[in-house]
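Colleague: Starting off with a structure, shown below.
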Amino acid sequence: MACNSCSTGKDGQPKGCKNNGTCGTDSCNKLTVFDWLSNMSLPNGEKPFNWIEVRFKNGRKNYYHNTENLTLSIGDVVATQAQSGHDIGMVTLTGELVRVQMKRKNISETGDDILKIYRKASQKDIDIWSTARDKEEAMKVKARQFAIDLKLQMKISDIEFQGDASKATFYYTAEERVDFRELIKLFAREFRTRIEMKQVGFRQEAARLGGIGSCGRELCCSTWLTDFRSVSTSAARYQQLSLNPQKLAGQCGKLKCCLNYELDTYLDALKAFPKTDIKLKTEKGTAVCQKTDIFKGHMWYAYEGEWMNWHKITTDQANEIIEANKKNKKIASLEEYASDLIEDTKTEFENVVGQDSLTRFDSPKRNNKRRNNRKKGNQANKNAKPNNPNQNNRNKNNRRKPQKNKNEAK
């Protein structure tokens, strides 16, 4: 996604909007919500919802009460209430859709911790905010070095300044409890500002920093995913995925959130399959399930002691055999059912208009051998001596004449 100001410059390099995450069109931002109720008018006498969704750095969002009844629209930079001082953010959602989002996140409209919007941000507010944002990267490098010098088992992942530059929040990840009291003293002495340390999980860290997943797209947690559901290895087992942690783990080091996306579909499909631990009893022997194909509805069984020979049957056939076994009946063998599913694996290749040729679009090469032979022949003709006409006549006379028939001679 990109806004109109993210076009390419004259030198071929992308210019970028250079708004540091405050793009006015709200199309370059993380966790952007499309307001599908913006074109709908309210019923007569209905007042618009006076709560506003405001986004801050790296997808951090909060909801504020518009007590001043300011006319706000998506992309406006506003000054909001904070625990001390004020913060600067961008409006990302207004109207009735904010009510839906607050109900979805269980945010109450009444309470003592309600925050409000002060005003639209002035140019002075934006300048102070932009200056503070420019310091964050240099501060992050120093903060990480301080943590390494103190040998603390933690990682400073991100720094976020408050809009009035009165406080800096340090986001860190750690597997165990960390005593960072000495670290805070170093930060306060070096950066000359109020320090707040906030621990986040590994998934929240990946959502804040962003990146590209193994699928080639941006991370779901940094673009549209707003809640983190627990992911277990059973989701991979149901989908018959390889239990390889390097393939199943995302950039956060945890199991990928996308393992849950199609899990319900797989669970519905597996309802028609018999349990894999049920053995099939036949007169030839007892068969054990070896493999299942959820998409085609096939199952592979092998006799005990003949593990190399697999027999493919359908789920309906497997359920039929199981029902027969419950009635103390045994089928003759699995080969009777497996013979119906024997497929012809012979593949016939056909060249359709040269599609199988990888060099069909290359320019044809010239035959250099024919060209060289032609050059050699011309050179030999030039070097040859001219023929003597007397020698030619002598050769003609020396040719052997054909003998006449003896009968004709008599």
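Colleague: Residues of segment 83-93 being open to solvent by 20 Å² or more (accessible area, probe 1.4 Å) and modelled with pLDDT of 90 or more, which ones?
Modeller: Passing the criteria: only HIS86.
Colleague: When only residues in segment 10-34 that are crowded, with 17+ Cβ neighbours inside 10 Å and charged (D, E, K, R) count, which is modelled with the highest pLDDT?
Modeller: By that ranking, first place goes to LYS30.
Colleague: Need the failing condition index for ASN66 against (1) under 16 Å from THR32 (Cα atoms); (2) open to solvent by less than 30 Å² (accessible area, probe 1.4 Å), just the number.
Modeller: Here ASN66 clears every test but (1).
Colleague: Same structure again: Keeping to segment 101-134, report how many residues are out of contact with any His (no Cβ under 6 Å at 6 or more places or on another chain), modelled with pLDDT under 90, among the β-branched types (Val, Ile, Thr) and surrounded by 13 or more Cβ atoms within 10 Å (Cβ to Cβ).
Modeller: Total satisfying the criteria: 1.
Colleague: What residue, of GLU323, GLU343, GLU350, is of a type in the set (Asp, Glu), loosely packed, with under 13 Cβ neighbours inside 10 Å and at pLDDT 90 or above?
Modeller: After applying the criteria, what remains is GLU323.
Colleague: A follow-up question, please. Looking at the structure I just gave you, is GLN246 open to solvent by 30 Å² or more (accessible area, probe 1.4 Å), among the polar types (S, T, N, Q), at pLDDT below 90 and closer than 30 Å to GLY210 by Cβ?
Modeller: Judged against the criteria, GLN246 is a match.
Colleague: While we're here: Can you tell me which of (1) farther than 24 Å from GLY253 by Cβ; (2) open to solvent by 30 Å² or more (accessible area, probe 1.4 Å) is the one MET139 doesn't meet?
Modeller: Checking MET139 against (1) farther than 24 Å from GLY253 by Cβ; (2) open to solvent by 30 Å² or more (accessible area, probe 1.4 Å), the one that fails is (2).
Colleague: Also, quick follow-up: Which of the residues belonging to segment 158-184 are under 27 Å from ALA121 (Cβ atoms) and of a type in the set (Ser, Thr, Tyr)?
Modeller: SER166, THR169, TYR171
Colleague: Something else: Restricting to segment 60-82, name every residue that is within 16 Å of ARG104 (Cβ to Cβ) and either out of contact with any strand residue (DSSP E or B) (no Cβ under 7 Å at 6 or more places or on another chain) or charged (D, E, K, R) (or both).
Modeller: Residue satisfying the conditions is LYS61 alone.
Colleague: Out of everything in segment 258-273 that is hydroxyl-bearing (Ser, Thr, Tyr) and part of a helix (DSSP H, G or I), what residue ends up being surrounded by the most Cβ atoms within 10 Å (Cβ to Cβ)?
Modeller: Filtering first and then ranking leaves TYR266.
Colleague: Within segment 108-146, track down each residue that is more than 12 Å from VAL77 (Cβ to Cβ) and touching a helix residue (DSSP H, G or I) at 6+ places or on another chain (Cβ under 9 Å).
Modeller: SER108, GLU109, ARG133, LYS135, GLU136, MET139, LYS142, ALA143, PHE146
Colleague: Exactly one condition in (1) at pLDDT 90 or above; (2) of a type outside the set (S, T, N, Q); (3) open to solvent by 70 Å² or more (accessible area, probe 1.4 Å); (4) farther than 30 Å from GLY297 by Cβ is false for TRP224; which is it?
Modeller: Against the list (1) at pLDDT 90 or above; (2) of a type outside the set (S, T, N, Q); (3) open to solvent by 70 Å² or more (accessible area, probe 1.4 Å); (4) farther than 30 Å from GLY297 by Cβ, TRP224 comes up short only on (1).
Colleague: Looking only at segment 274-292, filter to residues that are open to solvent by 30 Å² or more (accessible area, probe 1.4 Å) and either in contact (Cβ under 8 Å) with a residue 40 or more places away in the chain or on the phi > 0 side of the Ramachandran plot (or both); which one of those is farthest from the chain's Cα centre (by Cα)?
Modeller: Out of the qualifying residues, it is GLU283.
The values are calculated or read from the model by the stated rules, or taken from the named source; none is laboratory data. Just so you know, these numbers come straight off a predicted model, no measurement behind them. Here Cβ is always computed from backbone atoms with ideal geometry, including for glycine, and neighbour counts include all displayed protein chains. When the accessible area is computed, the model is the full protein with side chains, heavy atoms only, and any ligands, DNA or RNA have been set aside. Shrake-Rupley method; radii C 1.70, N 1.55, O 1.52, S 1.80 Å.
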